[in-house]
1. Restricting to the range 21-39, what's the tally of residues that are outside any loop (DSSP other than H, G, I, E, B) and surrounded by 13 or more Cβ atoms within 10 Å (Cβ to Cβ)?
2. Looking at the structure I just gave you, is V13 over 23 Å from T137 (Cβ atoms) and free of Cβ contacts under 8 Å to residues at least 60 places away in the same chain?
3. For the range 45-53, check the following and say yes or no: at least one residue is in contact (Cβ under 8 Å) with a residue 12 or more places away in the chain, closer than 23 Å to V81 by Cα and touching a Lys or Arg at 6+ places or on another chain (Cβ under 7 Å).
4. For the range 76-109, how many residues meet the condition of being among the hydrophobic types (A, V, I, L, M, F, W, C), without any contact (Cβ under 8 Å) to a residue 40 or more places away in the chain and surrounded by fewer than 18 Cβ atoms within 10 Å (Cβ to Cβ)?
5. Within the bounds of the range 12-20, is there any residue that is among the basic types (K, R) and assigned to a helix (DSSP H, G or I)?
6. Suppose we filter the range 66-81 for residues that are among the β-branched types (V, I, T) and under 19 Å from the mean Cα position of the chain (by Cα); how many remain?
7. So how many residues does the range 110-145 have that are surrounded by 14 or more Cβ atoms within 10 Å (Cβ to Cβ) and within 23 Å of R52 (Cβ to Cβ)?
8. Specify which of the listed residues (T114, T94) is over 29 Å from K47 (Cα atoms), among the β-branched types (V, I, T) and over 16 Å from the mean Cα position of the chain (by Cα).
Amino acid sequence: MDLHQCINFLLSVSQHKVFTYFRTCLEEYNLTPAQYGVLNCLWTEGKISPKRIGELLYLEAPTVSGILDKMQKRELIERKVDSHNRRHVVVNSTEKAEQIRHVVEKITLEMDKTVLQNLSDQEKNVLKAGLLQIIQTDLFDGDPM
């Protein structure tokens, strides 16, 4: 197979380019793309558990925990014991995070616009639909080969 026809190669190189560009866009606010993902979850869902953040971002629990630790040190999030169930922790964004919300969301929209600038609206829709389909496909429902 030609490397440039291999989906893993195409996705990996594309993801690396987009991630690197997005990371550069967020540097001014000392945010990483992963931290933006967490904030986006909190801004959209409100107070949620670390487990739910992991589900929304397709991340393992230890990865989420590390991201949250760094964000808590920077006072972007708070972790509190759930008042309804003391065994559960809920995460919410802080006032400091709310203060940068508008500009960070604007940066994200501009990043999307820049990354997709050479695609027609139809191509953008097809690309996004295809990527969502890949995300939702269970690739391990049997023999991996």
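Readers should treat all values here as calculations from the given coordinates under stated rules, not as data from a laboratory. Quick caveat, the model's predicted, so the values are computed rather than measured. As a convention, Cβ positions derive from the backbone with ideal geometry for all residues, glycine included, and neighbour counts pool all protein chains shown.
1. So the first thing to find is which residues in the range 21-39 are outside any loop (DSSP other than H, G, I, E, B), and the list is 21-29, 33-39.
So of that shortlist, the ones also surrounded by 13 or more Cβ atoms within 10 Å (Cβ to Cβ) come out as 21-23, 25-26, 29, 33-39.
Of the residues in that region, 13 qualify.
2. Working: over 23 Å from T137 (Cβ atoms): no; free of Cβ contacts under 8 Å to residues at least 60 places away in the same chain: yes.
Against the criterion (over 23 Å from T137 (Cβ atoms) and free of Cβ contacts under 8 Å to residues at least 60 places away in the same chain), V13 does not qualify.
3. Checking the range 45-53: not a single residue is in contact (Cβ under 8 Å) with a residue 12 or more places away in the chain, closer than 23 Å to V81 by Cα and touching a Lys or Arg at 6+ places or on another chain (Cβ under 7 Å).
4. Applying the first criterion (among the hydrophobic types (A, V, I, L, M, F, W, C)) to the range 76-109 yields 76-77, 81, 89-91, 97, 100, 103-104, 107, 109.
Those still in the list that are without any contact (Cβ under 8 Å) to a residue 40 or more places away in the chain too: 77, 81, 109.
Next, only the ones that are surrounded by fewer than 18 Cβ atoms within 10 Å (Cβ to Cβ) stay: 81, 109.
Looking only at that region, the number is 2.
5. Keep residues of the range 12-20 that are among the basic types (K, R), which gives 17.
Still in the list and also assigned to a helix (DSSP H, G or I): 17.
Yes, the range 12-20 has at least one match.
6. If we filter the range 66-81 for residues that are among the β-branched types (V, I, T), which is where we start, we get 67, 77, 81.
If we keep only those that are under 19 Å from the mean Cα position of the chain (by Cα) too, we end up with 67, 77.
Adding up the residues that qualify gives 2.
7. Going through the range 110-145 one residue at a time, the tally reaches 0.
8. On the way: T94 fails: over 29 Å from K47 (Cα atoms).
Just a single option satisfies the conditions, and that option is T114.
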